[in-house]
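The values are calculated or read from the model by the stated rules, or taken from the named source; none is laboratory data. Note that the structure is a prediction, hence the values are computed from the model and not measured. Every residue, glycine among them, receives a Cβ derived from its backbone with ideal geometry; neighbour counts consider all protein chains shown. Heavy atoms of the whole protein, side chains included, go into the accessibility calculation; ligands, DNA and RNA do not. Shrake-Rupley method; radii C 1.70, N 1.55, O 1.52, S 1.80 Å.
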Amino acid sequence: MAMFENLSDRLSLSLKKISGKASLSESNIKDTLREVRMALLEADVALPVVKDFVEQVKQRAVGKEVSSSLNPGQQFLKIVQAELEAVMGEHNESLNLAAQPPAVILMAGLQGAGKTTSVAKLSRYLQEREKKKVMVVSADVYRPAAIEQLKTLAAEVGAEFFPSETNQKPVAIVKDAIAVAKTKFVDVLIVDTAGRLAIDGEMMDEIKDVHKAANPVETLFVIDAMIGQDAINTAKAFNEALPLTGVVLTKVDGDARGGAALSVRHITGKPIKFLGVGEKTDALEPFHPERIASRILGMGDVLSLIEEVERKVDKKKAERLAKKVIKGKGFDLEDLREQLQQMKSMGGMSGLMEKLPGMGNMAQMAQQNDVTSQFTRMECIIDSMTPKERANPDILNGSRKRRITAGSGTSIQDLNRLLKQHKQMGKMMKKMKGKGMQNMMRGMGGMMPGGGGLPPGGFPKF
């Protein structure tokens, strides 16, 4: 997640200076808070939010809470983390779908905020994780392309689609969709509404009418994280017009500042419920303030990582590989390809690393080296091999190597590097055989400089 990258770097530096101090004085707290304030403002956090945040931290830090603790520096860090969580809402607030089916979710926001894509992501999320039957409908009668886009996305995520036409009235569309959803025993109906390029009275009146007709249990405001301070004004206007229940923050992967996420709760009083973290329909994450605060302070987000692994790792493949290794059958290139694919499905090396405590800088290294595209290249090389070559790389002679590199658009050095890495992983797997995890960890430590988590020579340079 690119969001908070700059803020995280700045805060980590300021807080590192103070966290090691044996005693804290009002002056070194003041200096640190000045840096924290600057970092937050540069991250596009709204001024009233920054003022309140700094004041709260100062009150608690100068008080007894810090001076009487055994490790004042660490205690100060804890206060900053707690206050960051408080600004963002303290804990995840899930959707309230307790209603006579269909429970209606209304999506509101400006044009281009990512509403239609968010409808599809939310449909997929509710079907996969909450086992709900979902129907979607577009009340955006001004843009035929929006209705068409929703139809395509609904088919992609397997949601029911209620057709609408540009010559219909939005209120009529919503009423018809609710009636049909009842007959089809739909659990959740998600309504996509029209967005404009700016807030205007006509638009607000229309969405109020749609809201009245839909009587939604959730009214989610979809907001683009990249519009920074403007996001706050838009949120305010929508909050005054509609009884919002929560916020979906989109394009989080594109914004390195993250100010909107820290401001929107404070300004609207409404919780961020989801983050849109990419283009794909599975790129929607529940918003956990405590995990985000931890990530901002460079402490990683292990819980989200565990959940992601649970969800995305193919358990059957993992078990098959484990059995194979235990039987001593070795780790072939087909296995390596499967491992690369699993890594990619979890956002590649940098996506995994940024969730691990203290690995933020490594994640940036991974990004600079563009590891995910290197994984793709490694995969291409393996794809160009025959099943026999994958199962037994030792048979790769000069002419086979030339055929493989020509087929994958790579060089002999690339192929040799891949084979070397595969051999090292194979050795590590052998150490695991029958001796459990401890030996594997020891093996990894041997593979990695200073036990630091990278193969010899850093990332493969493809």
Quick check: residue separation of GLU202 and ARG390 times 0.36 nm, minus the Cα distance between them. What number comes out in nm? 61.4 nm
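Find the accessible area per residue for the range 132-273; the probe is 1.4 Å, ligands and nucleic acids are left out, and the unit is Å².
41
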Enter the accessible area of LYS131 (Å², nearest 10), with the probe set to 1.4 Å and all protein chains included. 150
Taking a 1.4 Å probe, which of LEU13, LEU189 shows the most accessible area, and what order do the others take after it? LEU13, LEU189
Report the accessible area of LEU284, computed with a 1.4 Å probe over the heavy atoms of all protein chains in place, in Å² rounded to the nearest 10. 10
Would you please state which residues of the range 378-396 a label at GLU334 would reach in this model, taking the label point 7 Å out along Cα→Cβ and a backbone N cut-off of under 19 Å? 379-396
Just read off the accessible area of THR152 with the full protein assembly in place, 1.4 Å probe, to the nearest 10 Å². 90
For SER373 paired with SER25, estimate the spin-label separation in nm (one decimal), with each label point 7 Å from Cα along the Cα-to-Cβ line. 5.1
